[in-house]
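So the structure is just underneath, and the comments pick up after that.
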Amino acid sequence: MSDIQVTITDRAGKTHKVSAPTDMNMNLMELLRSYELAPEGTIGICGGMAMCASCQVYIISSHEMEAKSDEEEAMLSEAFYVKDNSRLSCQIPLEDSLDELVVELAPES
Amino acid sequence: MIKTDILIIGAGPTGLFAVFEAGLLQLKCHIIDALPQPGGQCAEIYPKKPIYDIPGFPEILAGDLVDNLMQQIAPFQPGFTLGEQATTIDQQEDGTFVVTTNKGTKHQAPVVAIAGGLGSFEPRKPLLDNLAIYEDKGVEYMIKDPEKYRNKRVLLAGGGDSALDWTVFLANVAEEVTLVHRRNEFRGALDSVEKVQELKNQGKVRLITPAEITAIGGKDQLEWASVRREGAKGEVEEFKLDIDHFIPLFGLSPKLGPIANWGLEIEKNAIKVDNTLDYQTNLPGIYAIGDVNTYPGKLKLILCGFHEATLMCQSAYRRIHPNKRYVLKYTTVGGIQGFDGSKKEAPKAVVKAIV
Ligand SMILES: Cc1cc2nc3c(=O)[nH]c(=O)nc-3n(C[C@H](O)[C@H](O)[C@H](O)COP(=O)(O)OP(=O)(O)OC[C@H]3O[C@@H](n4cnc5c(N)ncnc54)[C@H](O)[C@@H]3O)c2cc1C
Ligand code: FES
């Protein structure tokens, strides 16, 4: 499979169903940026290094996710609006197993 | 009033390199940056990370790139207004611009180059009621003058390098230093973590983890903070700390800020420019270069910022000296003439007969 479907609720509460390639070495933050689901400069500020938390999402669906790395854990411990289902989208590679993933963008902070 | 030929807003790689290109044209520059140090994103976000796509450098640390740029522009003696945000711009009757910072410093120049990147870095503020009330009345987000904290009770919060570094520094200045962090693990450089551990062991620093500040208060000034700590078995204790200062260090995030109100055409949080020509904005005399601009095909890369800075300077020269002719000269041929009297040029070839 080379495309999966991802449902994303943006910061204004609008839901978008988008197609995501899994053969381009892309992560979820890059997907959000490529569909311009948040204004430029408000998401992916550290370029995907788990250093800014601007890409925080809540995982709504019950997908099995890879465990958080130490860096992701550490950054989330400093971020705001963090919930149990918070993840840094830049640390989530787009893979076939994430088909039908449902996420919501955390507020900007 | 600080007067210069090109006033640059933003000391990131683009703004810094613009000083060099302007210097080749014998134009003087002054740079304003909201951060206390030059380097923009390279210095603030990723100084220790390697960059692989700077032409001629197979690999260079972002911090080293900034150091090299500072060295490269030194002969052109740029002025710096650091730690101040450019807030307003006014065009004078003679066509020059006056840019004023949030601290009231005024700068005048015939050309303004905005190299503001993603915007000026502003502190990420914790979500506490009352926070705004105590700003500058005990709550500060950046430490500009450590002497302010001499013999005071200081509470810091955060788990990154800044929180650790300032904890170490203030341990020798303040009367009492407390560091609160949500986890037991810290994200900073290993030796900073070890230093804080040592200071804790010596009783010079109070470390409260895993904990959070839940409220702050005081009469006219900040007087106390409430801390919520979770014990190993999930039990929660909540207590008050008497403090004079609270310094939350949760990183900085860039915001386009006041530039957005300067009458410039803005698209997608960036300033629209006349693409292929010279990166001039809709207001003649004001240019936007580097990450801060947008045009069809724009790429936010350091090398693109360098290119844009170069074209901007050529156009600025023509604007400042409309009657002077200029021919592009290679630095290998013309060398560089610093404003400090220094001169760099290729050594002359040795011509000698062999008999
Ligand atoms: C993690 C990360 C990795 C990256 N890796 C690469 C890479 O490998 N290769 C590459 O080419 N690029 C890379 N980039 C992008 C690169 O850093 C940017 O393209 C570059 O920094 C842009 O430079 P700039 O000078 O235009 O802006 P910036 O570096 O953003 O600097 C702008 C400066 O302007 C200041 N400023 C803004 N508004 C005001 C104001 N009103 N008053 C005062 N000061 C103001 C800001 O404080 C800031 O210091 C990376 C970026 C990040 C975040
Ligand atoms: S983009 Fe910065 S943490 Fe994900």
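The values are calculated or read from the model by the stated rules, or taken from the named source; none is laboratory data. Every value quoted in this text rests on a predicted model; they were computed, and no experiment measured them. Counting neighbours? That spans all protein chains shown, and the Cβs are built from the backbone with ideal geometry, glycine included.
Looking across the stretch B:136-149, the residues that are farther than 18 Å from residue B:226 by Cβ and surrounded by 13 or more Cβ atoms within 10 Å (Cβ to Cβ) come down to B:140, B:141, B:142, B:143, B:146, B:148, B:149.
Among the residues of the stretch B:318-355, write down those that are touching a strand residue (DSSP E or B) at 6+ places or on another chain (Cβ under 9 Å) and within 20 Å of residue B:286 (Cβ to Cβ). Give the derivation first.
So the first thing to find is which residues in the stretch B:318-355 are touching a strand residue (DSSP E or B) at 6+ places or on another chain (Cβ under 9 Å), and the list is B:319-320, B:331, B:335-338, B:342-345.
The answer is B:319, B:320.
The residues of the stretch B:251-267 that are among the polar types (S, T, N, Q) and either facing another protein chain (nearest Cβ under 9 Å) or surrounded by 17 or more Cβ atoms within 10 Å (Cβ to Cβ) (or both) amount to a single one, B:253. From the set of residues in the stretch A:39-73 that are small (Gly, Ala, Ser) and more than 11 Å from ligand 2 (Cβ to nearest atom), which is nearest to the other protein chains (Cβ to nearest Cβ)? Checked the stretch A:39-73; the qualifying residue nearest to the other protein chains (Cβ to nearest Cβ) is A:41. Figure legend. Inter-residue proximity from the stretch A:33-58: first residues of a type in the set (Lys, Arg), second residues more than 6 Å from ligand 2 (Cβ to nearest atom) and modelled with pLDDT of 90 or more, beta-carbon distance below 9 Å, spacing 6+ or different chains. Indicated pairs: A:33/A:43. Residues of the stretch B:20-33 that are under 16 Å from the mean Cα position of the chain (by Cα) and surrounded by 24 or more Cβ atoms within 10 Å (Cβ to Cβ): B:31, B:32, B:33. Among the candidates A:64, A:36, A:73, the residue that is in contact with a helix residue (DSSP H, G or I) (Cβ under 9 Å, 6 or more places away or on another chain) and among the acidic types (Asp, Glu) is uniquely A:64.
Quick check: anything in the stretch B:48-57 away from every other protein chain (no Cβ under 14 Å), surrounded by 22 or more Cβ atoms within 10 Å (Cβ to Cβ) and modelled with pLDDT of 95 or more?
Step one: filter the stretch B:48-57 for residues away from every other protein chain (no Cβ under 14 Å), giving B:54-57.
Now restrict to residues that are surrounded by 22 or more Cβ atoms within 10 Å (Cβ to Cβ): none.
No, because not a single residue in the stretch B:48-57 is away from every other protein chain (no Cβ under 14 Å), surrounded by 22 or more Cβ atoms within 10 Å (Cβ to Cβ) and modelled with pLDDT of 95 or more.
Here B:302, B:286 are screened, and the one residue that is within 16 Å of ligand 1 (Cβ to nearest atom), assigned by TED's automatic domain parsing to the domain that holds residue B:12, at pLDDT 95 or above and more than 24 Å from residue B:57 (Cβ to Cβ) is B:286.
For the residues B:346, B:353, B:309, the requirement of being modelled with pLDDT of 95 or more and either within 16 Å of ligand 1 (Cβ to nearest atom) or not in a helix (DSSP H, G or I) (or both) singles out B:309. Filtered by the rule that a residue be more than 16 Å from ligand 1 (Cβ to nearest atom) and within 12 Å of the chain's Cα centre (by Cα), the stretch A:39-64 gives A:56, A:57, A:58, A:59, A:60.
In the stretch B:68-82 there is at least one residue that is more than 14 Å from chain A (Cβ to nearest Cβ), out of contact with any strand residue (DSSP E or B) (no Cβ under 6 Å at 6 or more places or on another chain) and within 11 Å of ligand 1 (Cβ to nearest atom).
The criterion of at least 3 residues that are in contact with a Leu (Cβ under 7 Å, 6 or more places away or on another chain) and in contact (Cβ under 8 Å) with a residue 60 or more places away in the chain is met by the following strands (runs of 3 or more DSSP E) wholly inside the stretch B:120-192: B:120-123, B:153-157.
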